[in-house]
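Chemist: After the structure tokens below, expect a handful of questions from me.
The values are calculated or read from the model by the stated rules, or taken from the named source; none is laboratory data. The model shown is predicted, which means the values in this text are computed figures rather than measured ones. Note that each Cβ is placed from the backbone with ideal geometry, even for glycine, and that neighbours are counted across all protein chains shown. In case anyone asks, the SASA skips ligands and DNA or RNA and just uses the protein heavy atoms, side chains included. Shrake-Rupley method; radii C 1.70, N 1.55, O 1.52, S 1.80 Å.
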Amino acid sequence: MESTVKEAPMRQGNLGIEPAVLKEIYRQMARIRAVDKEVQAGLSGGKFFFSYWPMTGQEAIPATIAQLTTTRDYMVTTYRGVHDQVAKGLSLDGLFAEMLGRIDGVNKGKGGSPHISDPASGSMLTTAIVGAGAPIANGLAVAAQARGEDRVTIVNFGDGATSIGAVHEAMNLAGIWKLPIIFLCQNNQLGEYTPLAEFTASKDFTSRAEALGFRGVRLDGNDPAAFYAGMKEVIESVRAGKGPVFVEALTYRLGPHAGVGDNNNVTAEALTAAKEKWPVPRTRALLLDAGVCTEEELAQLEADAQTEVEAAMAKAMASKVTPAEETLIDVYADVDTIPRRGHYPHREAEKEPTGETRSMMGLEAVLQAQDLAMEQNPEVFLLGEDVGAPGGVFATSRGLIEKYGGSRIRSTPIAEQAIIGAGIGAALVGMRPISEIMFLDFAGVCLDQIANHAAKQRYMSGAATNVPLTIRMMVGGGMGGFGAQHSQSLEAWLLHTPGLKVAFPSTPYDAKGLLLSCIHDEDPCVHLEALMVLRGAKQDVPLEDYRIPLGVAKVRREGSDITLISYGWQVNQCLTAAEELAKDGINAEVIDLRTLVPLDYHRVLDSVKKTRRALVVHAATEFCGFGAEIASTINEELFSTLKGPAIRLGADYAPIAYSKEIETSQVPNSNSIAARVRAAINAYS
Amino acid sequence: MAMTLTIPKLEMSMMEGTLAEWKVESGQPVQQGEVIYILETDKTARDIEAPASGTLIHKVEAGETYDVGTEIGEIV
């Protein structure tokens, strides 16, 4: 009698998967394995240096998904995503050259392997910020949904990412909007250096999806047959429009967080046990045991993968390192947007519209601009808190949901990362989203999406992609009573981030014309809407479509003795101050910048050449404010012309107070502006 | 074509490593993937495999600590 029962080898009949499909999965795994080995050998041997986050052990997940998706389907992944890129269909030439920072990289060597974008294969965005891809992937799914396409979006992230807020915000939004998206958690048991059990008390991650009202599925990501069957059902369901699914794919990271070799964050026993489940050798053995492939066939398949990898690496090594001349290329569509010392391009001013006008406040001008843009282009849509039925907290979208419906006027949960992220994703595939953030102060909770993703995506992708997103943000201040968290002028946060354009209108007329330009721009634009302008004085505004070009300042009042340079609601304080100064015989010119990036230094310097004095005024804190930048440039360019140094006036270095008396005094006003001008003229006359 | 061997950067924080032991003598043939030396860092000891096949030439002694990027040998 046999004392041990030997497990019967798997045969074709009980593989649980079509043999040909399993062979294709192994072919992808062999390619991934060859890439991983090539990179690790090169790093170990000192052939090249770059940061590498090995995905060894996780090969079966993308190799299997590749059998169920096409290049039409969208993918977002992370820095530990080289396996995802290979299986998605990125050319290995472009991948290796990108890793090496070479000009022939898929993103010109500007992004590197943690920032791959390859629209041709459907690999839309790769982020090195844990969890940040999820809100953006929603936007890709929004675009597919809005356009009636059957594309599926798969966003990959690790178990570590389940702890960060962006993933929660994204999952909640996908649930309520029933987006065609799969949240694919490649649970490799470690968040960087920390084992799962040390960063969460959760028993599983699928219950998080269930808590948010959609399905969570747990699959063995190391078993291609089981994973294929599970993912086939999930992908078909999502493709059929049945809403999002969260998939927890169980696997194991065999390598370290970064570097090469074995995982050194776990015990030797745990690693040995994990290696026994490594899908690459296991699937190979299964193909042999089941008689699907002969040893010769597998050896040939592996040799082919090796040949492809070696040829691609040789080509990449021969490519030129991306040179410094590329520094300013791809920050914006137009290199002249970049503020550069000594380079002050002249941009033509807009033609004044001549058609019918109506007297309106800023909020109605903003409403009109959005209405016009949506009427003209079905790809324009608005998303933000309360933008639907209530018509926006400040009535900037009143009536739009009745006209355009909920698919284009999308009220969102209170989740700013989700709002910006969905805008980025939809913009990535050519839509024209407008993401509304109620107050600029809330930039703090979504700055990663704005600064690390919207702003940098064109550059990191070597212009393979761009983000024609408009972000509208209300700016408090000057009204009184909004307090320290709803009154700040934080434009300097945005201006310190290359890649963003920033408009800050001072009148209803400009708000409409600038917003229309932002919506039609190819780069991410932030349109700052001061409540003092939205709800301030009415103005006759043309009803037609007119655009104020970004980067064209306007002289609001001509003068000869000093140039007051300002923007946003402070322009009106400057105009009032100028009238006061006129009583003393001081004739001030007032320039309204209208856009902060691109900045119209040409008109600013022309004005100061004439008046030979300059004061920059803004509601933001004076210390490290935009005024310092402008004053410094004026002083450097016009040193010998000036009667006195260009100076600045901003808010005191304190949070904005609730007390009306403090707020009025801490932010520049017509009296303090006039006083600063008089003092400067007295000091240098 | 000769391939230069240098002390690799195995971890983001790694600045130097100790070449603990050559596993193949200088002048001996090696196959790609064969362990050629043991590298110790402050975190761990690693087997380092030959990145190519050929003849291994040592350029430095084992038992010493070298900066990342130091040339330690070549495969010709």
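Chemist: Within segment A:544-554, is there a residue that is under 27 Å from A:Ala614 (Cα atoms), surrounded by fewer than 20 Cβ atoms within 10 Å (Cβ to Cβ) and either modelled with pLDDT of 95 or more or touching a helix residue (DSSP H, G or I) at 6+ places or on another chain (Cβ under 7 Å) (or both)? Working first, answer last.
Modeler: Of segment A:544-554, the ones under 27 Å from A:Ala614 (Cα atoms) are A:548-554.
Remaining after also requiring surrounded by fewer than 20 Cβ atoms within 10 Å (Cβ to Cβ): A:549, A:554.
With the extra rule that they be either modelled with pLDDT of 95 or more or touching a helix residue (DSSP H, G or I) at 6+ places or on another chain (Cβ under 7 Å) (or both), the set shrinks to A:549, A:554.
Checked against the condition, which is being under 27 Å from A:Ala614 (Cα atoms), surrounded by fewer than 20 Cβ atoms within 10 Å (Cβ to Cβ) and either modelled with pLDDT of 95 or more or touching a helix residue (DSSP H, G or I) at 6+ places or on another chain (Cβ under 7 Å) (or both), segment A:544-554 yields at least one hit.
Chemist: Consider A:Glu356 against the criteria (1) closer than 30 Å to A:Pro655 by Cα; (2) touching a Leu at 6+ places or on another chain (Cβ under 6 Å); (3) surrounded by fewer than 22 Cβ atoms within 10 Å (Cβ to Cβ): it satisfies all of them except one. Which criterion is unmet?
Modeler: Every listed condition holds for A:Glu356 apart from (1).
Chemist: Next up: Residues of segment A:336-369 being assigned to a loop (DSSP other than H, G, I, E, B), of a type outside the set (Val, Ile, Thr) and in contact with a strand residue (DSSP E or B) (Cβ under 9 Å, 6 or more places away or on another chain), which ones? If you could, list the steps in order and put the result at the bottom.
Modeler: Of all residues in segment A:336-369, those assigned to a loop (DSSP other than H, G, I, E, B) come to A:338-339, A:341-342, A:344-356, A:361.
Next cut, of a type outside the set (Val, Ile, Thr) only: A:339, A:341-342, A:344-353, A:355-356, A:361.
Across segment A:336-369, the qualifying residues are A:Pro339, A:Ala349, A:Glu352, A:Pro353, A:Gly355, A:Glu356, A:Met361.
Chemist: For residues that are touching a Gly at 6+ places or on another chain (Cβ under 6 Å) and open to solvent by less than 20 Å² (accessible area, probe 1.4 Å), tally how many sit in segment A:160-185. Give the steps one after another, and end with the answer.
Modeler: If we filter segment A:160-185 for residues that are touching a Gly at 6+ places or on another chain (Cβ under 6 Å), which is where we start, we get A:160-161, A:164, A:166-167, A:175, A:178.
In the following step, the residues that additionally are open to solvent by less than 20 Å² (accessible area, probe 1.4 Å) were identified as A:161, A:166-167, A:175.
Qualifying residue count for the region: 4.
Chemist: Look through A:Ala249, A:Ala273, A:Ala226 and report the one residue that is within 18 Å of A:Asn187 (Cα to Cα) and either open to solvent by less than 20 Å² (accessible area, probe 1.4 Å) or among the acidic types (Asp, Glu) (or both).
Modeler: Details: A:Ala273 fails: either open to solvent by less than 20 Å² (accessible area, probe 1.4 Å) or among the acidic types (Asp, Glu) (or both); A:Ala226 fails: either open to solvent by less than 20 Å² (accessible area, probe 1.4 Å) or among the acidic types (Asp, Glu) (or both).
Answer to the selection: A:Ala249.
Chemist: Let me ask you something else. Can you find even one residue in segment A:370-385 that is farther than 30 Å from A:Glu38 by Cα, among the charged types (D, E, K, R), outside any helix (DSSP H, G or I) and open to solvent by less than 80 Å² (accessible area, probe 1.4 Å)?
Modeler: So the first thing to find is which residues in segment A:370-385 are farther than 30 Å from A:Glu38 by Cα, and the list is A:370-385.
Still in the running and among the charged types (D, E, K, R): A:371, A:375, A:379, A:385.
Imposing the further condition that a residue be outside any helix (DSSP H, G or I) reduces the set to A:379, A:385.
Retained after the next criterion (residues that are open to solvent by less than 80 Å² (accessible area, probe 1.4 Å)): A:379, A:385.
The answer is yes, given that some residue of segment A:370-385 is farther than 30 Å from A:Glu38 by Cα, among the charged types (D, E, K, R), outside any helix (DSSP H, G or I) and open to solvent by less than 80 Å² (accessible area, probe 1.4 Å).
Chemist: Given the conditions (1) surrounded by 23 or more Cβ atoms within 10 Å (Cβ to Cβ); (2) of a type outside the set (Phe, Trp, Tyr); (3) modelled with pLDDT of 95 or more, which single one is not true for A:Asp220?
Modeler: Failed condition: (1).
Chemist: Look at B:Lys59 and say whether it is more than 9 Å from chain A (Cβ to nearest Cβ) and among the basic types (Lys, Arg). If you could, list the steps in order and put the result at the bottom.
Modeler: Numbers: more than 9 Å from chain A (Cβ to nearest Cβ): yes; among the basic types (Lys, Arg): yes.
Yes, satisfied.
Chemist: Evaluate segment A:255-269: report whether one residue or more is in contact (Cβ under 8 Å) with a residue 40 or more places away in the chain, polar (S, T, N, Q), touching a Lys or Arg at 6+ places or on another chain (Cβ under 9 Å) and open to solvent by less than 40 Å² (accessible area, probe 1.4 Å).
Modeler: Kept after step one, since they are in contact (Cβ under 8 Å) with a residue 40 or more places away in the chain, are these residues of segment A:255-269: A:255-261, A:263, A:265-266.
Those still in the list that are polar (S, T, N, Q) too: A:263, A:265.
This time we only want the ones that are touching a Lys or Arg at 6+ places or on another chain (Cβ under 9 Å), so: A:263, A:265.
Then keep just the ones that are open to solvent by less than 40 Å² (accessible area, probe 1.4 Å); that gives A:263.
Within segment A:255-269, one or more residues are in contact (Cβ under 8 Å) with a residue 40 or more places away in the chain, polar (S, T, N, Q), touching a Lys or Arg at 6+ places or on another chain (Cβ under 9 Å) and open to solvent by less than 40 Å² (accessible area, probe 1.4 Å).
Chemist: Counting just the residues of segment B:1-25 that are more than 7 Å from every other protein chain (Cβ to nearest Cβ) and open to solvent by 60 Å² or more (accessible area, probe 1.4 Å), which one comes out nearest to A:Asn265 (Cα to Cα)?
Modeler: Looking at the filtered set, the residue picked out is B:Ser13.
Chemist: Among helices (runs of 4 or more DSSP H) lying entirely in segment A:1-99, which contain 2 or more residues that are within 14 Å of chain B (Cβ to nearest Cβ) and at pLDDT 95 or above? Outline the logic, then answer.
Modeler: Working: elements: A:19-44, A:60-65, A:82-88, A:92-99.
In segment A:1-99, A:19-44 are the helices (runs of 4 or more DSSP H) which contain 2 or more residues that are within 14 Å of chain B (Cβ to nearest Cβ) and at pLDDT 95 or above.
Chemist: Kindly provide the set of residues from segment B:36-56 that are part of a loop (DSSP other than H, G, I, E, B), more than 8 Å from chain A (Cβ to nearest Cβ) and open to solvent by 50 Å² or more (accessible area, probe 1.4 Å), ordered by number.
Modeler: Residues satisfying the conditions are B:Asp42, B:Ser53.
Chemist: Follow-up. Please verify whether A:His486 is free of Cβ contacts under 8 Å to residues at least 60 places away in the same chain and either among the hydrophobic types (A, V, I, L, M, F, W, C) or surrounded by fewer than 21 Cβ atoms within 10 Å (Cβ to Cβ) (or both), treating the condition exactly as stated.
Modeler: Working: free of Cβ contacts under 8 Å to residues at least 60 places away in the same chain: yes; either among the hydrophobic types (A, V, I, L, M, F, W, C) or surrounded by fewer than 21 Cβ atoms within 10 Å (Cβ to Cβ) (or both): yes.
Yes; evaluated as a whole, the condition is true for this residue.
Chemist: Report whether or not A:Glu297 is within 14 Å of chain B (Cβ to nearest Cβ) and surrounded by fewer than 17 Cβ atoms within 10 Å (Cβ to Cβ). Reasoning before the result, please.
Modeler: Working: within 14 Å of chain B (Cβ to nearest Cβ): no; surrounded by fewer than 17 Cβ atoms within 10 Å (Cβ to Cβ): yes.
Here the answer is no, as A:Glu297 does not meet what is asked.
Chemist: If I ask for residues that are charged (D, E, K, R), within 39 Å of the chain's Cα centre (by Cα) and surrounded by 15 or more Cβ atoms within 10 Å (Cβ to Cβ), which ones from segment A:653-683 would you list?
Modeler: Within segment A:653-683, just A:Glu663 meets the criteria.
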